[in-house]
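The values are calculated or read from the model by the stated rules, or taken from the named source; none is laboratory data. Bear in mind the structure is a predicted one, so any value in this text is a computation, not a measurement. No Cβ is skipped: glycine too gets one built from the backbone with ideal geometry, and neighbour counts run over all protein chains shown. Calculation scope for accessible area: heavy atoms of the full protein, side chains included, ligands and nucleic acids excluded. Shrake-Rupley method; radii C 1.70, N 1.55, O 1.52, S 1.80 Å.
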Amino acid sequence: MLVKAKEKGLMEFTPQEILSGLLEKKTDVFRYLYKAYGPMIAGYIRKNSGTEEDVTEMIQVVILELWVAVRDGRYEEEGKLGQYIYQLTSNTWRDELRKRRNRPQQSLSDSDLQIEDDAEENLASAIVKDRYLNAVHEGMTQLGEVCRDIIQMYHLQKIRLQEIAERLEYDYDNLRKRIFDCRKKLKRLTENILAKQKN
């Protein structure tokens, strides 16, 4: 599962440079991971019933989960980064397929409360896209504790909404509204931070 950077025309990084680059949120390291491991992730998703939309989303989600694993100290470099990313891809896609099977078919009457986001609202996408990375991270620090916890549990830890509701002692429907409001707030914070960076 090794990636030959020279063959792909990529800048080369040592394993330690990749880990430190992830921790420091260096855009060139994220870009390298996308180009080096994106095709492998895409191939796996396509072979396992994924659409092109799924491919795009899962590449972003897997790289995000790698970043979280490194940040939280759950991944230590042992020369097996490719294998680790492959395993992340397999586990994440299996979880997503399980969620889809278990998801009720009927939608809420208010379509704004849908939990599955389109590309504009997709937090995983926002976090790993180069120019949003720091802004989203900073926005998360400015969110209230409850919103931050809800977003981290649902989007990063992949905890089901029902379980989050039980943990936080929330009514399930109220939690759906709350997570929608929290994401809107995070999006607004992120846009404000980006606007300030441009000035």
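Counting only residues that are within 15 Å of R94 (Cα to Cα) and aromatic (F, W, Y), how many does segment 31-62 have?
Our first condition is that a residue be within 15 Å of R94 (Cα to Cα); within segment 31-62, this holds for 41-51, 54-55, 57-59, 61-62.
Next, only the ones that are aromatic (F, W, Y) stay: 44.
Residues meeting the conditions: 1.
When segment 74-96 is filtered for residues that are farther than 17 Å from T14 by Cβ and either part of a helix (DSSP H, G or I) or open to solvent by less than 50 Å² (accessible area, probe 1.4 Å) (or both), the ones remaining, listed by number, are Q83, Y86, Q87, L88, T89, S90, N91, T92, W93, R94, D95, E96. Does I18 count as surrounded by 15 or more Cβ atoms within 10 Å (Cβ to Cβ), farther than 24 Å from A135 by Cβ and either touching a helix residue (DSSP H, G or I) at 6+ places or on another chain (Cβ under 9 Å) or not hydrophobic (A, V, I, L, M, F, W, C) (or both)? Criteria not met by I18. The C-beta contact set for segment 180-199 (first residue closer than 21 Å to Y154 by Cβ and open to solvent by 30 Å² or more (accessible area, probe 1.4 Å), second residue part of a helix (DSSP H, G or I) and at pLDDT 85 or above, distance under 6 angstrom, 6+ apart or interchain) comprises L189/Q142. Against the test of being modelled with pLDDT under 90, over 27 Å from Q162 (Cα atoms) and not basic (K, R), the options E96, E121, E57, E52 yield a single qualifying residue, E52. Figure legend. Inter-residue proximity from segment 21-32: first residues closer than 15 Å to I85 by Cα, second residues crowded, with 19+ Cβ neighbours inside 10 Å and modelled with pLDDT under 85, beta-carbon distance below 8 Å, spacing 6+ or different chains. Indicated pairs: F30/V128.
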